[in-house]
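**Q** Take this structure first; my questions come after.
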Amino acid sequence: MSRLFLGLDSSTQSLSGIVIDFDARKVVYDKSLNFDQTLPHYKTQNGTLRDKNPLVVHSPPLMWVEALDTLFAQMKQDGVRLDQIHAIAGSGQQHGSVYLNSQAGAALANLNPAKSLKDNLSAIFARPTSPIWMDSSTAAECAEIREQLGGIKAAAQATGSDTFERFTGPQIRKFFKQEPEKFAKTSSIALVSSFMASIIAGKIAPIDHGDGAGMNLMDIKKKIWHADAMAATADVLVTKLPPLAESWKVVGPVSAYFVKKYGLNKDALALVWSGDNPCSLVGLGLMEEGMIAISLGTSYTYFGYMKHCQTDAKGEGHVFGAPTGDYMTLICFKNGSLARERLRDQYGIDWDKFNHLIASTKPNADGGIFLPWYDAEIVPRVNKPGIHRFDLDANDAAANCRAFVEGQMMSMRLHSEWMRVKPKKILATGGGSVNVPILQIMADVMNCSVYRIEVSKSAALGAALRAAHGWLAYEGKAPSWDKIVRGFTDPIPGSEIQPSIKAAKVYDKLIEKYAKCEKQALQ
Ligand code: XUL
C-alpha cells in the first residue's frame with residue numbers, strides 16, 4: 001500500500017490540497033478552490049471582506065469551514081484514495097485570528113456527518129469575522145504593547161519580532177479594547193492554522209511554534225506564552241490561548257466526521273498546522289543555514305532557515321519557528337514587482353525592453369543609486385512614499401532600470417545582515433523570477449548562485465511533507481528532514497545563474513554608498 005500524505009493550505013484567496021505518494025516521491029493530487037468563485041455567497045474579494053476603513057481587512061471563518069467540506073467532497077469525487085492517507089497536516093495564512101465561544105469544544109467533538117461542517121459549526125464564533133494579515137488598523141495597539149515590552153529591540157528579543165499591525169497580539173488587543181463584551185464571550189482564540197487543525201482533529205488544536213511566533217505573544221527562545229506580552233495585550237489572555245506545540249505534534253486521530261463522510265482511514269493522524277511561511281520553508285527544501293528563498297511577487301520576501309535564534313535589533317525582520325524545531329527568518333519588502341511595473345510604465349516600455357535595457361548596461365553603470373519607495377515601505381520603515389535618485393539622470397531609462405533592480409537587491413542584502421548568515425544558495429520564486437537579467441543582478445549583488453524553483457504550491461507541499469515527517473516521528477522512525485524533502489524540492493534543471501566575480505566586487509563597494517544614500521533619504 002502506498003503511503004499517502006495530505007497537505008492542506010488555507011491561504012488568503014483559496015484552500016489547496018496536495019497529496020503526495022511518499023514512497024514514489026511524487027505529488028499525486030493537487031487542487032485549489034478559490035474562495036470568491038467557489039463560495040460566492042460570502043461576498044469576498046480575493047478572499048477578504050472590505051471595510052469602510054481601508055486599513056481593516058477581515059475574512060469570514062465560516063467560509064474556510066465550508067471550503068474544507070467542499071475540498072474533501074471534491075477529492076472523493078476525483079477518486080483520491082482517502083483511505084490510504086496516513087496523516088494530514090496543514091498550512092494557514094499567518095497572523096489571522098479566530099474567536100471561538102464556549103460551544104466550540106463540544107461542537108468540534110460531535111461533528112455530525114449527516115450535516116455539513118458549516119451547519120455543525122455555524123454557532124461557535126464569538127466574533128463572526130477574523131482579522132487577517134492584510135489588516136493594518138492596529139498602529140495604536142502596536143505602540144502600546146511595544147512600550148510595555150520596553151521598545152523595538154526588547155519586543156523583538158522577547159517575541160521574535162517588533163510589534164506589527166498584522167500580528168495577532170495587537171489585533172487581539174484592539175478587539176479587547178473595542179468590543180469588550182464579545183471578548184469576554186471568547187473562550188478560545190485560534191490562528192487560522194490551529195482553527196483548521198481543530199476541525200480535522202475534532203478538538204481545539206494547539207498552536208505550533210512556527211505560527212505562534214507570528215503573534216507577538218510567544219517567548220521566541222523558550223517557546224512558551226510570554227507572560228509580559230500577554231499582560232500587555234489583554235486581560236485573562238492565558239485562559240483563552242490554546243497550548244503551544246512542536247510542529248510535528250499529533251493532535252489525535254482524524255475526526256470521525258471525515259471517516260464516515262469521505263472514507264478517510266480511521267487511523268489517519270491529524271497533525272498540528274503551521275503558518276504558510278514555515279510550511280514553505282519545508283516545501284522549498286530550505287533545511288540548512290545559508291539556503292535562502294527570495295520571492296519576487298507583488299511584494300518581495302526574503303526568507304531562510306536559521307539554526308540559533310538571532311533577532312533583529314532594528315525590528316525590521318521576523319523570526320518564526322521552523323517546522324524542524326529550529327528557526328526561520330523572514331523579511332517583507334513592500335516595493336517589489338508592483339513598484340518595478342510603475343517604473344516600467346514611466347518609461348512607456350514593456351518587460352522585454354526593460355530586461356533588454358538592464359542586460360545591456362554594466363553593473364552600477366553610472367554610479368547611480370535608486371531608492372524605489374513608490375509605496376510606503378516596510379523595510380526600511382518609510383511612512384512617506386517617494387522615489388529617490390542619487391547620481392542618476394531621470395531621462396536615462398537604461399541606467400534607471402538597472403539602478404532600480406540593483407537598489408532592490410542591495411536593500412535585501414543590507415537589511416538581512418542582522419541574520420549573520422551569508423547566503424550559500426538562493427532559490428528565486430514568484431512571478432518576477434522568470435526575468436533572467438533580474439536574477440543575474442540578484443546573483444551578483446548577493447555574490448551567490450541563484451536557482452529558479454516552481455513553487456506555486458510550496459506551502460501545501462510543505463504541509464504534506466510535514467504530515468509525512470509527523471507520521472514517521474510518531475511511528476518512532478526518527479526521520480531526517482533531508483531524506484523527507486529529497487526529490488520533492490528540486491530547482492528547475494538548468495536554471496542556475498552564477499555570480500560574476502567582477503560584478504560582485506563592484507557591489508561589495510557599492511553597498512556602502514547605497515547604505516549612505518538610504519540613511520540620507522530616511523532623514
Ligand atoms: C508573513 C505574512 C504573509 C502571510 C501570507 O508575515 O504576513 O506572508 O503569511 O499568507
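**Q** Restricting the stretch 306-341 to residues that are more than 16 Å from the ligand (Cβ to nearest atom) and in a helix (DSSP H, G or I), which is nearest to residue 404 (Cα to Cα)?
**A** Taking the candidates together, the pick is 340.
**Q** Now for a different question. As an exercise: evaluate residue 260 against (1) more than 16 Å from the ligand (Cβ to nearest atom); (2) of a type outside the set (A, V, I, L, M, F, W, C); (3) part of a loop (DSSP other than H, G, I, E, B); (4) touching a residue at least 60 places away in the same chain (Cβ under 8 Å) and give the number of the one condition it does not meet.
**A** For residue 260, the failing item is (3).
**Q** Something else now. Can you tell me which residue in the stretch 427-457 is farthest from the chain's Cα centre (by Cα), limited to those that are buried (at least 24 other Cβ atoms within 10 Å of the Cβ) and closer than 14 Å to residue 286 by Cα?
**A** 450
**Q** Filter the helices (runs of 4 or more DSSP H) completely within the stretch 404-523 down to those with at least 3 residues that are closer than 30 Å to residue 252 by Cα.
**A** 458-474, 481-485
**Q** With the requirement that a residue be closer than 18 Å to residue 299 by Cβ, in a loop (DSSP other than H, G, I, E, B) and in contact (Cβ under 8 Å) with a residue 40 or more places away in the chain, what does the stretch 346-382 give you?
**A** Matches in the stretch 346-382: 375, 376, 378, 379, 380, 381.
**Q** Any idea which residue in the stretch 46-73 is surrounded by the fewest Cβ atoms within 10 Å (Cβ to Cβ), counting only those that are in contact with a Ser or Thr (Cβ under 8 Å, 6 or more places away or on another chain) and acidic (Asp, Glu)?
**A** If we take residues in the stretch 46-73 being in contact with a Ser or Thr (Cβ under 8 Å, 6 or more places away or on another chain) and acidic (Asp, Glu), then 69 is surrounded by the fewest Cβ atoms within 10 Å (Cβ to Cβ).
Each row is one residue, and each column tells you yes or no for (1) out of contact with any strand residue (DSSP E or B) (no Cβ under 9 Å at 6 or more places or on another chain); (2) of a type in the set (D, E, K, R); (3) within 16 Å of the ligand (Cβ to nearest atom).
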residue	(1), (2), (3)
105	no, no, no
137	no, no, yes
146	yes, yes, no
150	yes, no, no
165	yes, yes, yes
175	no, no, no
189	no, no, no
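**Q** Sticking with this structure for a sec: Of all residues in the stretch 59-87, which are over 28 Å from the mean Cα position of the chain (by Cα) and not in a helix (DSSP H, G or I)?
**A** 78, 79, 81
**Q** Let me ask something additional. What is the one condition in (1) within 30 Å of residue 4 (Cβ to Cβ); (2) within 14 Å of the ligand (Cβ to nearest atom); (3) surrounded by fewer than 16 Cβ atoms within 10 Å (Cβ to Cβ) that residue 283 does not satisfy?
**A** Just one mismatch for residue 283, condition (3).
**Q** For the stretch 152-215, list the helices (runs of 4 or more DSSP H) that sit wholly inside it and hold at least 3 residues that are surrounded by fewer than 24 Cβ atoms within 10 Å (Cβ to Cβ); which are they?
**A** Numbers: elements: 152-159, 168-178, 180-184, 192-201, 209-212.
Helices (runs of 4 or more DSSP H) meeting the threshold: 152-159, 168-178, 180-184.
**Q** Residue 130 is checked against (1) within 29 Å of the chain's Cα centre (by Cα); (2) away from the ligand (no atom under 15 Å from the Cβ) and fails just one. What number does that condition carry?
**A** The single condition residue 130 does not satisfy is (2).
**Q** Moving to a separate point now. Yes or no: the stretch 111-121 includes at least one residue that is part of a loop (DSSP other than H, G, I, E, B), farther than 18 Å from residue 460 by Cβ and either of a type in the set (A, V, I, L, M, F, W, C) or within 16 Å of the ligand (Cβ to nearest atom) (or both).
**A** Yes, the stretch 111-121 has at least one match.
**Q** To continue, here is another question. Restricting the search to the stretch 99-146, which residues are charged (D, E, K, R) and crowded, with 23+ Cβ neighbours inside 10 Å?
**A** If the condition is that a residue be charged (D, E, K, R) and crowded, with 23+ Cβ neighbours inside 10 Å, then 135, 141 are the ones that fit.
**Q** Go through (1) under 20 Å from the mean Cα position of the chain (by Cα); (2) modelled with pLDDT of 95 or more for residue 28 and report which single condition fails.
**A** (1)
**Q** Continuing with the same structure: If a residue must be of a type in the set (Gly, Ala, Ser) and away from the ligand (no atom under 16 Å from the Cβ), how many such residues does the stretch 78-103 contain?
**A** 4
The values are calculated or read from the model by the stated rules, or taken from the named source; none is laboratory data. Model, not experiment: these values are computed from the prediction. Heads up, the Cβs are rebuilt from the backbone with ideal geometry, glycines too, and the neighbour counts pull from every protein chain shown.
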